[in-house]
1. If I model a spin label as a point 7 Å beyond the Cα along the Cα-Cβ vector, how far apart are those points for residue 9 and residue 35 in nm?
2. Compare the peptides 5-13, 75-83 by average per-residue count of other Cβ atoms within 10 angstrom and give them in order, highest first.
3. If you add up the charges near residue 76, with Lys and Arg at +1 and Asp and Glu at -1, over every other residue whose beta carbon is less than 13 angstrom from its beta carbon, what do you get?
4. Defining a contact as two alpha carbons under 8 Å apart and six or more residues distant in sequence, what relative contact order in percent does the stretch 5-155 show?
5. Counting Lys and Arg as +1 and Asp and Glu as -1, what is the net charge of the other residues whose Cβ lies under 14 Å from the Cβ of residue 28?
6. How big is the stretch 13-58 in terms of Cα radius of gyration and Dmax, in angstroms?
7. Can you tell me the convex hull volume per residue for the stretch 1-85, based on C-alpha atoms, in Å³ to the nearest whole number?
8. Within a Cβ distance under 14 Å of residue 11, other residues only, what is the Lys/Arg minus Asp/Glu net charge?
Amino acid sequence: MTDRSAIHSTFVLERTYDASPARVFAAFEDPEAKNRWFVNGDGWGTDAYQADFRVGGYEKYRGNHEGMAVSMESRYFDIVPSERIVFAYDMHFGDDRISVSLTTIELIPAGSGTRLVFTEHDTFLDGHEAPGPREEGTKQLLEALAEELEIPGSS
């Protein structure tokens with residue numbers, strides 16, 4: 001029998017990009033752009049990716065991380081173009097749900113660029129994952145977003 005547990009964690013990351021809020025927002029909104037920087041990072045393989053970026057829409061990923069089957073499904077609850085995105089998602093390793101999360105992304109004008117504030121509230125289930133790796137993985141994703149925004153004509 002599996003030992004049941006729930007570990008709660010919240011983290012906030014801030015990053016300033018040399019791109020307008022509209023351009024940063026587009027990197028989340030455009031499924032091709034998001035597929036480049038979010039889905040296909042180091043050590044991640046993709047079997048299927050779908051996105052329906054609208055309030056009530058979803059995002060689904062199925063693939064692997066370093067040989068382990070991983071899936072993620074999210075639902076968008078609030079989208080204010082160029083300002084805010086709120087979504088909830090769950091992640092699975094194989095058949096095990098490892099976490100359920102609520103995320104808010106705020107895009108705030110900062111001179112000619114954008115200050116992104118990423119707030120995530122996580123519930124890690126049954127000892128399958130701990131809080132630290134999620135925050136570190138998100139830092140890597142925000143760095144990948146910076147690289148995406150440097151590509152001429154992207155997003």
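1. 3.0 nm
2. Working: 5-13: 12.6, 75-83: 14.9.
Answer by packing, highest mean first, reads 75-83, 5-13.
3. Working: positive: 34, 54, 60, 75, 84; negative: 29, 52, 59, 73, 78.
It works out to a net charge of 0.
4. Numbers: 323 pairs, mean separation 45.7, N = 151.
This gives 30 percent for the stretch 5-155.
5. Details: positive: 15, 23, 34, 36, 54, 84; negative: 29, 30, 32, 52, 59, 78, 83, 106, 148.
Around residue 28, the surrounding residues sum to -3.
6. Looking at the stretch 13-58, its Cα Rg and Dmax stand at 12.2, 32 Å.
7. Values: hull volume 12.8 nm³, N = 85.
Convex hull of Cα atoms, per residue: 150 Å³.
8. Overall, the nearby charge balance is -3.
Read the figures in this text as sums done on the coordinates, not as results from a lab. Only a predicted model underlies this, so the values are computations on that prediction, with no experimental measurement involved. With ideal geometry, Cβ positions are generated from the backbone for all residues, glycine too; neighbour counts draw on all protein chains shown.
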